[in-house]
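Below: one structure, written as structure tokens.
Please treat every number below as a calculation from the coordinates, not as lab data. In this text the structure is predicted, and so the values were computed from the model without any measurement. Cβ sites come from the backbone with ideal geometry, for glycine too, and all protein chains shown count toward neighbours.
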């Protein structure tokens, strides 16, 4: 096995959160390459955006937030998000000379005997004084269990496997989930298929502008849950679903009329205990994701609820581990803010360690 390379900080992930963190690390004096490195599991720039369904355009995304220091100026709102955003990320990496290495699949982060972290991957190892985890959620799609799911004779897929509405033409599709992705997919599918929307809770629609104050309040609620070691839920769940012009048209057309979630799945569809049934050819699970933090397991930081407790972006039990794009920062605008906070925190902590070592 090759000798681990020494750096001050390893950033794991090169999506919105990882690139934002890398930008701020460079601005705070960490030299790219020697002071910090970014390890990305994908073969190309773009983070999760490069895997989105082709029919998702810039105009129909929930929102694409700019990275710090470089405006996002797509040539057209009709461009597929899976093309426009990765191109923007690639230009961002080039413009600021960010030291991204890919594809690197991090398998474990462990403590070393000298107070550092060992970041391991099949491609090699890195020994670091601080680690920023920015792996997001895209690689961990979540599908809840319902009785009878294994008996369904139709097709089941998660949003990660969705590629466009055309393949569902003429079919009956049950869309499960109450987030922005479910709303976007219903808007597409209703034009070619018979759709039924089911959610655990009634959707909360937000009319009018969504300002910074409301955003801070929503993030604060999620942050408090993570600080206490509870499952945080999503920031989008805390903010509500924004009524854009195309969402308003879908509401007016009855496309976004929801039913409470079913009690069981049958071979031919879904059923409720009150006797109601819906026949389905397809069940589309727009049920979200879980944080991709399995490689942090050797640090033994999770609570019994499976949550890593945070104070800001710092792991409560391991402050030199920063988590961005996790819990309260699991949104594009939240990831930008968290990237800056994580970089500043590591600058302060590592400077303190250096000063202590110098005066010891």
For this session: Give the angle, between 0 and 90 degrees and rounded to the nearest 10, that separates the Cα long axis of helix 180-189 from the longest principal axis of the Cα atoms of the chain.
Result: 40
For this session: Could you work out how far helix 332-359 tilts from the main Cα principal axis of the chain, as a 0 to 90 degree angle to the nearest 10?
Result: 20
Problem set entry | Value of [θ]222 nm, deg cm²/dmol, for the chain, DSSP H segments ≥ 4, -39500 (n - 2.57) each, nearest 500 | -8500 deg cm²/dmol
Problem set entry | Gained length - residue 167 relative to residue 78, 0.36 nm times residue gap less alpha-carbon distance | 29.9 nm
Problem set entry | Computed label-point distance, nm, for sites residue 206 and residue 358 using a 7 Å Cα→Cβ extension | 4.5
Seminar exercise, completed: Length-normalised contact order of the chain, Cα under 8 Å, at least 6 apart, in percent, tallies to 23
For this session: Would you please report the Å³ per residue occupied by the convex hull of the alpha carbon atoms in the stretch 1-146?
Result: 134
Exercise. P(r) of the stretch 1-64 in 5 Å steps, Cα pairs, percent per bin?
Worked result: 4, 15, 21, 18, 16, 11, 8, 5, 2, 0
For this session: Identify which of 144, 260, 202 has the largest mean-square fluctuation in a Gaussian network model of the chain, with springs joining Cα atoms closer than 10 Å.
Result: 144
Exercise. Taking only the alpha-carbon atoms of the stretch 148-204, what semi-axes of the equivalent ellipsoid follow from 5 times the gyration tensor eigenvalues under a square root, in whole Å, largest first?
Worked result: 17, 16, 11
For this session: With the convex hull built on the Cα atoms of the chain, state its orientation-averaged projected area in nm².
Result: 19.9
For this session: Measure nothing fancy, just the Cα-based angle from helix 16-27's long axis to the longest principal axis of the chain, in degrees from 0 to 90, nearest 10.
Result: 20
